[in-house]
Protein chains: 2
Amino acid sequence: MRIPKGVRQSRLVTSLEQNPFMTDEELAKQFKVSVQTIRLDRLECGIPELRERLKTVAARTMEAEVKSLQSDEVIGEIVDIVLDKRAISIFDVTEDHVFQRNGIARGHHLFAQANSLAVAVLDDDLALTVTSTVNFLRPVKAGHRVIARATVDKERSNERRTFVEVTSTVGSDVVFTGQFQMYQTTEQSGRKN
Amino acid sequence: MRIPKGVRQSRLVTSLEQNPFMTDEELAKQFKVSVQTIRLDRLECGIPELRERLKTVAARTMEAEVKSLQSDEVIGEIVDIVLDKRAISIFDVTEDHVFQRNGIARGHHLFAQANSLAVAVLDDDLALTVTSTVNFLRPVKAGHRVIARATVDKERSNERRTFVEVTSTVGSDVVFTGQFQMYQTTEQSGRKN
DNA sequence: ACTGGTATTAGTACCAAGTGCTAATCCGGA
DNA sequence: TCCGGATTAGCACTTGGTACTAATACCAGT
């Protein structure tokens, strides 16, 4: 019993987390025990066999690929939209969006949600952001659901420039506001809604 | 010979691209042929067996996860940095970053690069963006290499607020400028939370 | 020194999802 | 009718396991 069982098992776990591709035989060599011991260890730790591990890892990929494709075009899920007037999107903040050090969401994610919404609310094939001023009012953390509301400011808009105001809230707290000046290319005169 | 061999094989390929998790037996049922026929088809098309497919898909995940971890904390690669003074990062725009419709980079990616750089240039565990004004001057397209230069504006900065200017260029063209007002917490004991 | 209990190792039968090979059968066209 | 590609069947073998049983090793307590 070179190294105690418990130590070996916890090393086994971390080893497989890092590299799930190892067979029992390879693991046996690494830990200098028999294959059977590795099997028992996996059994006790509830670690599935190689093929099952690969299956779940692969499944995670497929999901992730679908997700990244979806979430790429628009950050946040648009739940309500009246073209050229207003729109609402929801963005659930996860661990992936925050600084590890302090758990606060990185600003560019909130910007991305607001910017995406500003683009989406304009009924235009080619709406681009020209200028934007944004305020991060309160820190947002993982688990928070950010609701962004965009409204088109008709007063200030003209043929080529459209102003969109975005206010994002978590619960009843306003966490972010932004003004977006957008550039549009299609003719807006005939189009009305 | 219900459907010709060629058609079946090309369907097999697309079928497995969509869902690589199918066994030969399941595929045989789907195409209403024998398992052996599926095997021959795979052989002719150079499609590996289920386990190999899962292995490569899983491997892709692991890579992607490493990549997303890296690129998550900072958007763009920081190539030069003098803390509290200036910093430079490089961000290569790919197809993933542009609107399919017009091939122009979504604004929030340029914002993210600039914002990440503004955070990085401050030698602080807890630098947060408070307010920002940004200008998108020229469209950026896939293949472009965006170089962002951040400089800390000492004049306007005080204990609690630091001003960072970011200018991003593609070649000799300035494509983006941004002013970031940052909140810092270092050297003050009364850290609010 | 003997005993008990845990840990480890060994060995067997079996499974899934294949490869590789040979052989038989089907089926359509000249 | 015969030929040839397409299809199907069958068998041995491989990997990386599960499930189970049995043997052995080792350490502690009395």
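The numbers here are math on the coordinates, done by the rules we state, and not lab data. These numbers were taken from a predicted model, which means no experiment stands behind them. Cβ coordinates were reconstructed from backbone atoms using ideal geometry, including for glycine residues, and neighbour counts include every protein chain displayed.
In nanometres and ascending order, the distances from the residue A:96 label point to those of the other copies are 1.1 (point 7 Å from Cα along Cα→Cβ). For the cross-link pairs A:29/B:55; A:5/A:32; A:85/A:141; B:5/B:55; B:5/B:32; A:55/B:55, the ones whose C-alpha atoms lie over 19 Å apart are A:29/B:55; A:85/A:141; B:5/B:55. Between residue A:83 and residue A:34, residue separation times 0.36 nm minus the direct Cα-Cα distance comes to 11.0 nm. Plainly put, region B:97-193 has a radius of gyration that is 1.06 times its Kirkwood radius, both from alpha-carbon atoms, as the Rg/Rh ratio. Mean-square fluctuations from a GNM of chain B, with a 10 angstrom spring cutoff on Cα atoms, peak among B:35, B:152, B:98 at B:35. Within chain A, the longest run free of exposed loop sites, counting GluC sites (Glu not before Pro) that sit outside DSSP helix and strand states (H, G, I, E, B) and have at most 14 other Cβ atoms within 10 Å, spans A:50-154.
Take the convex hull of the alpha carbons in region B:5-71; its mean projected area over all directions comes to 4.8 nm². Summary for residue A:172: label point 7 Å along Cα→Cβ; distances to the equivalent points in the other copies, ascending, 5.8 nm. Taking all Cα-Cα distances within chain A, those exceeding 20 Å account for 65%. Shown here is the pair-distance distribution of the protein assembly as shown: with all Cα-Cα distances grouped in 20 Å bins from zero up to the longest one, the shares run 23, 43, 30, 5, 0 percent. Label point of residue B:81 (7 Å along Cα→beta-carbon): distances to the other copies' equivalent points are 3.7 nm, sorted ascending.
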